[in-house]
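The values are calculated or read from the model by the stated rules, or taken from the named source; none is laboratory data. Everything quoted here is computed from the prediction, not taken from an experiment. Here the Cβ positions follow ideal geometry from the backbone for every residue, glycine too, while neighbour counts run over all protein chains shown. We work out accessible area using only protein heavy atoms, side chains counted, and drop any ligands, DNA or RNA first. Shrake-Rupley method; radii C 1.70, N 1.55, O 1.52, S 1.80 Å.
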Amino acid sequence: MGIEAYVDGRFVPKEEASVSVYDHGFLYGDGVFEGIRAYHGRIFKLREHVDRLFESAHTLRITIPMTREAMTEAIVETVRRSGLKDAYIRPVVSRGRGDLGIDPRRCPRPSVVIIVDTIQLYPEAAYQNGLKLVTTSTRMRPLDVLNPRIKTCNYLSNIMARLEVNLAGADEGLMLTTHGYVAECTADNIFVVRHGRVLTPPAHLGILQGITRQTVLDLCQTLGVHAAEHILTLHDVYAADECFLTGTVAELGPVVEVDGRTIGSGKPGPITHRILKAFRDLAAREGTPVYAASGVPAGE
Ligand code: PXG
């Protein structure tokens, strides 16, 4: 069975799935999206992702033409039709089809697309050997320009940063606020470990409030590991005992080098490994079942 995408209420083979060239998501990046994972036939943190999608759209005054329950069901159904147990899911809602002008009033109906596909994982070596980061000269866009909490289809500042990462031959890029505080990476949040304490930049600084980030903060509490939001500078990162990134794709990615400085022992640290294991255990047992409802066991 070929994979189908959901496009405005219809399921279309992925090769044929498309939106109009007049869609303002394409013309202006005027839209919002989510990146979600399914593990072993269960969708991880689905409610949190759907809530964030609706909140992002609400701030942009994009009225998603379906309820949260209908969106949730459409996501589950798109995965179910794919037959995939481990999947990457990409709901996208754009302003919709308009004319050649930015005015959203010309777009009567937002477009809703749900793409499901296999997930391209980081190689296992990245988890064993760790990632190398560089700080990018491209800063996080300030809160009063475009709030980074909104997961918009406009990723250009992150992409500008990613170009710098590629040029440097690094694995990921660390982005600072315009005041020089550590914010996040181009597609992940960042944590450091120092003297047994797990620290991550505060949400109010202007970052994407990652669902993996929140899961890690919650897991630390369960594990009895001290974790807190804290303002961080590059010095704090360079001097950390451990450092790791969090994101739906990366899960927890250990960092062993930042701007040519070795972090800690230069190997993924024990606290990072402990939290990664707890995260994988949680992801393996939690989540919205995709196949159980249709009578097909959501087994291994
Ligand atoms: N920061 C940024 C800027 C992100 O885009 C995260 C943090 C992590 O958030 P979650 O909720 O996933 O823990 C993200 C999200 C991709 C891709 O397909 C991934 C993201 C964004 C855009 C593309 O690789 N990650």
Practice prompt. Calculate, in whole percent, how much of the Cα-Cα pair population of the chain lies beyond 27 Å.
Written response: 44 percent
Worksheet entry | Net charge of neighbours whose Cβ lies under 9 Å from the Cβ of residue 250, counting Lys and Arg as +1 and Asp and Glu as -1 | -3
Worksheet item: What does the charge count near residue 141 come to, summing +1 for each Lys or Arg and -1 for each Asp or Glu among other residues with Cβ under 14 Å from its Cβ?
Response: +1
Worksheet item: Taking only C-alpha pairs under 8 Å that are 6+ residues apart, what is the relative contact order of the chain in percent?
Response: 19 percent
Worksheet item: How many Å² of accessible area per residue for region 124-285, probe 1.4 Å?
Response: 44 Å²
Discussion item. How many angstrom lie between the Cα centre of region 124-176 and the Cα centre of region 38-98?
Written reply: 24 Å
Worksheet item: Where does the charge balance sit around residue 65 when Lys and Arg score +1, Asp and Glu -1, over other residues with C-beta under 15 Å from its C-beta?
Response: +2
Worksheet item: For region 124-285, what's the relative contact order in percent, using C-alpha pairs closer than 8 Å and at least 6 residues apart?
Response: 25 percent
Discussion item. For region 45-93, what does the accessible surface come to per residue with a 1.4 Å probe? Please give it in Å².
Written reply: 46 Å²
Worksheet item: What percent does the relative contact order of region 4-119 come to when contacts are Cα pairs within less than 8 Å and at least six residues apart?
Response: 36 percent
Discussion item. Restricting to lysines 8 or more places apart or on different chains, can you count the pairs in the chain with Cα atoms under 21 Å from each other?
Written reply: 7
Practice prompt. Pop out the carbon and sulfur fraction of the accessible area of the chain as a percent, whole number, probe 1.4 Å.
Written response: 54 percent
